[in-house]
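Single-structure report; data block below.
The values are calculated or read from the model by the stated rules, or taken from the named source; none is laboratory data. The structure displayed is predicted, hence computed values, not measured ones. Cβ placement follows ideal geometry from the backbone for every residue including glycine, while neighbour counts extend to all protein chains displayed. Remember, those area values only see protein heavy atoms, side chains included, never the ligands or the DNA or RNA. Shrake-Rupley method; radii C 1.70, N 1.55, O 1.52, S 1.80 Å.
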Amino acid sequence: MSAIAAPPTLSIDGIAVPINGERNLLELIRKTDIDLPTFCYHSDLSVYGACRLCIVDIAGRGIQGACSTAPEPGLVVRTQTEEIREIRKISVELLLANHERECTTCSKSASCQLQDVARRLGINKVRFKAVHEPAEVDRSSPSVTRDPNKCVLCGDCVRFCSEIQGIGAIDFAHRGHDVAVLPAFGNGLGEGECINCGQCAAVCPTGALTPRQEIDEVWKALVDPTKTVVAQIAPAVRIALGELFGMQPGESTRGQMVAALKRLGFKYVYDTAFAADLTVIEESNEFLARKSKAGKLPLFTSCCPAWVKFAEQYFPELLPNLSTCKSPQQMLGALVKELLPQELGVAKKNLVMVSIMPCTAKKFEAKRPEFAHEGVAEVDHVLTTQELARMIEEAGLRFMKLQPESFDMPMGFKTGAGVIFGNSGGVSEAVLRYASEKVTGRKLTNPDIHAVRGEDGLRIVEVPVGDITLKLGIVHGLKNARTLAEKARHGNCDLDIIEVMACPGGCIGGAGQPVSRNPDIRKLRTRGLYDVDKNMELHKSQENHFVTECYQRHLGEIGGRNAHRLLHTHYQNRRRIAGESIELGDGDSAEKLCVNVCTGTTCFLKGSQHILHELLDQVEQEQLHEKVSIHASFCFEQCSHGPTVSVDGKNVPSCTPEAAKNAILQAISEKVP
Amino acid sequence: MRSKSDPECNGRKFVKIFTILEKYERNPSRLVPILQAVQEEYRYLPREVLTYVATALNISPARVFGVATFYSHFATEPRGKHVIRLCNGTACHVKDSIPILEVIRKRLKLEGKKITTDDMMFTVETVACLGACGLAPVVVVNEDVHGEMTPANGLELVEAIIAQELS
Ligand code: SF4
Ligand code: SF4
Ligand code: FES
């Protein structure tokens, strides 16, 4: 046997460095422990090469961007020369010139890469004048705040949204001086396709995109003596919060987190994982019923609100495939608002539910109108992990020194199954731990189901359960979800369950988590959650006796009426973009019969263009201009019955050109007195 | 008062979009020629039409908007019947193109950021170098190039159009 040939090398600052399949010079340089500064490089995204900070000097080639140069044997690379230093400084100064430098009031301040780079490069003055006029801050989204005055145009957000989430809610617009990252038509972020995942804010190196803050509202409730404030904490928060107080990523904060919340003034602290156990039971039974009664499969999970909005916008025909289970956040909120007022003798309106989430989309979810009843929301405020850390700091609590406290019972009790909900594959594993016992009637001795664990964004696994084999799809990143959903839409998907989480690695990688540049962060946090599960006594939701008791005392039967009222929900078709209809007749149409043809995505695919065409012909041929005005509209939110045409306010579902024409003729004849 | 548009013209225009989309096989990589063709129909790129194009090409409206605002040739706001473009490239700028712009804007009562008159008759805009520097300063009215302009000639051009429209 011959010895394995040594890999080829190139020289970096005089040191020979082996090339081992790195995609670009930047990766290789970083492996040698030189942290070249960058804004626009992100290993999960495509290479953009715009920030020009990663420049190096290559002998014979001059100054090149390291991110867009392939490593070649024999290259002689220098990362520091007088010229490089000067160019980097100028690049950063130019960015700073146009950047609103209100750092002390910026919520990204502690993790801002622009500040970091400016400090590292020793920038002590800015030699250029601003050429931008201040632009308005966009606060239209419940999840992400957009401050264009702080954008450095690196495009990380644009690429994340389109490459990983497959959406493209924001993009570069205008040119020259006026270039900006904008939602379509310069609208607010809250008005369009954005599904509130917040990942654009997570990758944004500056304060241009930040998770929306709700801290003030929560403080206000906490200091109000008439209010009783109750918290719930999602699984993924406990293994990340500590990162902001000097703990290792993935290290569980255990009792300090609860202690901190109590010190901040929360009366009770519950665990969202309790509701995750409930979700497992409801969702597994929903699945088993569908499986045995040939119901709608694959069953898509519904605990990720970013995915739910995505499905509502792009896959209306799959909404019946979504589990009707609310997310654990909403389940817990609903239970608290149902049970606590009586137990504590407080008025519903004085009970404030605050959830601590790794997620920005949960902020949107909490505001969905169906989750408020008679003006009382199930969840009043959603704080991210980052916001909680900030409140702890503001209160001056020495986090690491706090005496640990435990969650309040009964809704603070959970099993390991509820905890692993926080990472990709966790929901599947939790459901399998339940379903397999239910199907086989035998105890599952080893609860670990390694087949569903993993890091890939799209995993297909088969797991034997008794005599049958269940086929599961597990995805994170909505572009991957789209791949499976497209298959399901076309009826060629033989999966039983599809677990979808929008964020990289699942909730542990949520945009509300501490910002980290550690490349192993997801792995560490995921391991952290599995460790918590390992260290617990109970691993299966069916072993949560407080959940069992909750069914006995309050909910009644699994999947029964009361359970449905409190724990389940429904979905709605949702338009991708706010927009008016296109008037296709002449201007004044007040007196006329108004015909609207939906040209939203679904109806378009179902042939609405053809209908529109025929109707316009009909109007022309039969000289109906005086009587009929035709409009093309965007999405009636009736997609599952598309193509939709509305004639004089009445919808004609599953419309054909003939049906539309008949409806028009009939409506005209009725109008004639 | 003339009516805002012909009765059936909007419908026909829209049908034209279908044809344009089919002609380019709804291929997202042909977005630029598609927008070009749409603008020829509408003289600008209305929002709703851009949304329709995005839907038909299965790309995000933000991307379509981005492309539509990247090229100065495309307009995303309605434009007047007559488009007056003033070159403000280096050559024209040094030969005093700005005073021409100022008199024309004043005559048409265009203030602040407005570039189109309320009656939708005129749009006045500046463009970067039209490649006719030898004739600087240059004014283009609709498709006609006028060279070596002065504020007075510029005004005359505008007056001539107004007179013609009134007759
Ligand atoms: S929050 Fe998510 S969907 Fe919305 S713009 Fe940012 S990355 Fe795109
Ligand atoms: S918003 Fe942030 S991530 Fe997006 S281009 Fe601007 S600086 Fe980069
Ligand atoms: S990282 Fe290479 S140009 Fe930005």
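Could you list, in sequence order, all residues of the stretch B:93-117 that are under 15 Å from the mean Cα position of the chain (by Cα) and either farther than 20 Å from B:ARG43 by Cα or loosely packed, with under 15 Cβ neighbours inside 10 Å (or both)?
The answer is B:LYS114, and nothing else.
Give the residues of the stretch A:616-632 that are crowded, with 17+ Cβ neighbours inside 10 Å, outside any loop (DSSP other than H, G, I, E, B) and more than 9 Å from chain B (Cβ to nearest Cβ), sorted by residue number.
A:GLN618, A:VAL628, A:SER629, A:HIS631
With respect to B:ASN58, is the statement that it is surrounded by fewer than 17 Cβ atoms within 10 Å (Cβ to Cβ), more than 19 Å from the chain's Cα centre (by Cα) and on the phi < 0 side of the Ramachandran plot true?
It is false that B:ASN58 is surrounded by fewer than 17 Cβ atoms within 10 Å (Cβ to Cβ), more than 19 Å from the chain's Cα centre (by Cα) and on the phi < 0 side of the Ramachandran plot.
Tally the residues that are under 16 Å from the mean Cα position of the chain (by Cα) and away from ligand 2 (no atom under 13 Å from the Cβ), restricting the search to the stretch A:169-193.
The qualifying residues number 3.
Given (1) open to solvent by less than 50 Å² (accessible area, probe 1.4 Å); (2) closer than 27 Å to A:THR210 by Cα, where does A:LEU538 come up short, assuming only one miss?
(2)
Using beta carbons and a limit of 7 Å, which pairs, at least six apart or on different chains, have the first residue in the stretch A:87-116 and in the same structural domain as A:VAL131 (by TED's automatic domain parsing) and touching a residue at least 24 places away in the same chain (Cβ under 8 Å) and the second one part of a helix (DSSP H, G or I) and charged (D, E, K, R)?
Close Cβ pairs (under 7 Å, with a partner that is part of a helix (DSSP H, G or I) and charged (D, E, K, R)) amount to A:HIS99/A:LYS150; A:GLU100/A:LYS150.
Mind telling me which of the residues A:GLY122, A:GLY166 ends up being within 16 Å of the chain's Cα centre (by Cα) and more than 12 Å from ligand 2 (Cβ to nearest atom)?
When all the criteria are applied, what remains is A:GLY166.
What is the residue count in the stretch A:48-79 for residues that are in a loop (DSSP other than H, G, I, E, B) and either buried (at least 16 other Cβ atoms within 10 Å of the Cβ) or within 16 Å of ligand 3 (Cβ to nearest atom) (or both)?
Adding up the residues that qualify gives 13.
Restricting to the stretch B:33-86, name every residue that is more than 16 Å from B:LYS16 (Cα to Cα) and more than 14 Å from chain A (Cβ to nearest Cβ).
Matches in the stretch B:33-86: B:ARG79, B:GLY80, B:LYS81, B:HIS82, B:VAL83, B:ILE84, B:ARG85, B:LEU86.
Residues being surrounded by fewer than 17 Cβ atoms within 10 Å (Cβ to Cβ) and at pLDDT 90 or above: count how many of those fall in the stretch B:26-36.
6
Based on what the data block shows, is A:LYS291 part of a helix (DSSP H, G or I), open to solvent by less than 20 Å² (accessible area, probe 1.4 Å) and either free of Cβ contacts under 8 Å to residues at least 12 places away in the same chain or charged (D, E, K, R) (or both)?
No; evaluated as a whole, the condition is false for this residue.
Which residue pairs have Cβ atoms closer than 8 Å, lie 6 or more positions apart in sequence or on different chains, and pair a first residue in the stretch A:186-209 that is closer than 19 Å to A:TRP307 by Cα with a second residue that is part of a loop (DSSP other than H, G, I, E, B) and charged (D, E, K, R)?
Qualifying pairs under 8 Å: A:GLY192/A:ARG576; A:GLU193/A:ARG576.
Specify which of the listed residues (A:ASP178, A:ASP138, A:ASP147) is open to solvent by less than 20 Å² (accessible area, probe 1.4 Å), among the acidic types (Asp, Glu) and within 14 Å of another protein chain (Cβ to nearest Cβ).
Going through A:ASP178, A:ASP138, A:ASP147 in turn, just one is open to solvent by less than 20 Å² (accessible area, probe 1.4 Å), among the acidic types (Asp, Glu) and within 14 Å of another protein chain (Cβ to nearest Cβ): A:ASP138.
Just need a number here: residues in the stretch A:344-380 that are surrounded by fewer than 22 Cβ atoms within 10 Å (Cβ to Cβ) and either touching a Ser or Thr at 6+ places or on another chain (Cβ under 9 Å) or outside any helix (DSSP H, G or I) (or both).
Of the residues in the stretch A:344-380, 16 are surrounded by fewer than 22 Cβ atoms within 10 Å (Cβ to Cβ) and either touching a Ser or Thr at 6+ places or on another chain (Cβ under 9 Å) or outside any helix (DSSP H, G or I) (or both).
Go through (1) away from ligand 3 (no atom under 16 Å from the Cβ); (2) more than 16 Å from A:ARG212 (Cα to Cα) one by one and return the number of the condition A:VAL117 breaks.
(1)
Considering the stretch A:209-245 alone, what residues qualify as being more than 26 Å from the chain's Cα centre (by Cα) and either under 19 Å from A:ASP408 (Cα atoms) or not in a loop (DSSP other than H, G, I, E, B) (or both)?
Once the filter is applied, which keeps residues that are more than 26 Å from the chain's Cα centre (by Cα) and either under 19 Å from A:ASP408 (Cα atoms) or not in a loop (DSSP other than H, G, I, E, B) (or both), the stretch A:209-245 yields A:LYS220, A:ALA221, A:LEU222, A:VAL223, A:LYS227, A:THR228, A:VAL229.
Consider A:VAL158 carefully, then state whether it is within 14 Å of chain B (Cβ to nearest Cβ), aliphatic (A, V, I, L, M), near ligand 2 (Cβ under 8 Å from one of its atoms) and under 17 Å from the mean Cα position of the chain (by Cα).
Yes; evaluated as a whole, the condition is true for this residue.
Give the residue, chosen from A:ILE521, A:ILE498, A:ILE558, that is under 16 Å from A:CYS304 (Cβ atoms) and not acidic (Asp, Glu).
Just a single option satisfies the conditions, and that option is A:ILE498.
Please verify whether the stretch A:22-44 includes one or more residues that are within 16 Å of ligand 1 (Cβ to nearest atom), surrounded by fewer than 20 Cβ atoms within 10 Å (Cβ to Cβ) and outside the structural domain of A:ARG517 (by TED's automatic domain parsing).
Yes.
Please verify whether A:HIS99 is under 32 Å from the mean Cα position of the chain (by Cα), within 16 Å of ligand 1 (Cβ to nearest atom), more than 14 Å from chain B (Cβ to nearest Cβ) and crowded, with 18+ Cβ neighbours inside 10 Å, treating the condition exactly as stated.
When the stated conditions are applied, A:HIS99 does not pass them.
Residues in the stretch A:182-202 that are at the interface with chain B (Cβ under 9 Å from one of its Cβ atoms), touching a helix residue (DSSP H, G or I) at 6+ places or on another chain (Cβ under 6 Å) and at negative phi: how many?
Matching residues across the stretch A:182-202 total 3.
Anything in the stretch A:312-325 that is open to solvent by less than 10 Å² (accessible area, probe 1.4 Å) and within 19 Å of A:PHE421 (Cβ to Cβ)? List them, or say none.
Passing the criteria: A:LEU322, A:SER323, A:CYS325.
Which numbered condition trips up A:ASN124, out of (1) within 15 Å of ligand 1 (Cβ to nearest atom); (2) at pLDDT below 90?
(1)
Identify all residues within the stretch A:295-343 that are in a loop (DSSP other than H, G, I, E, B) and closer than 21 Å to A:ALA377 by Cα; write none if there are none.
Selection gives A:SER302, A:CYS303, A:CYS304, A:THR324, A:LYS326, A:SER327.
Scan the stretch B:63-82 and give yes if some residue there is at pLDDT 90 or above, part of a loop (DSSP other than H, G, I, E, B) and crowded, with 20+ Cβ neighbours inside 10 Å, otherwise no.
no
Tell me, which residue of the stretch A:598-615 that is in a loop (DSSP other than H, G, I, E, B) and of a type in the set (Gly, Ala, Ser) is surrounded by the fewest Cβ atoms within 10 Å (Cβ to Cβ)?
Going through the qualifying residues, I end up with A:GLY607.
Can you tell me how many residues within the stretch A:209-227 are closer than 16 Å to A:SER141 by Cβ, away from ligand 2 (no atom under 16 Å from the Cβ) and open to solvent by less than 50 Å² (accessible area, probe 1.4 Å)?
Qualifying residue count for the region: 1.
Please work out if A:ARG88 is assigned to a helix (DSSP H, G or I), more than 16 Å from ligand 2 (Cβ to nearest atom) and under 33 Å from the mean Cα position of the chain (by Cα).
no
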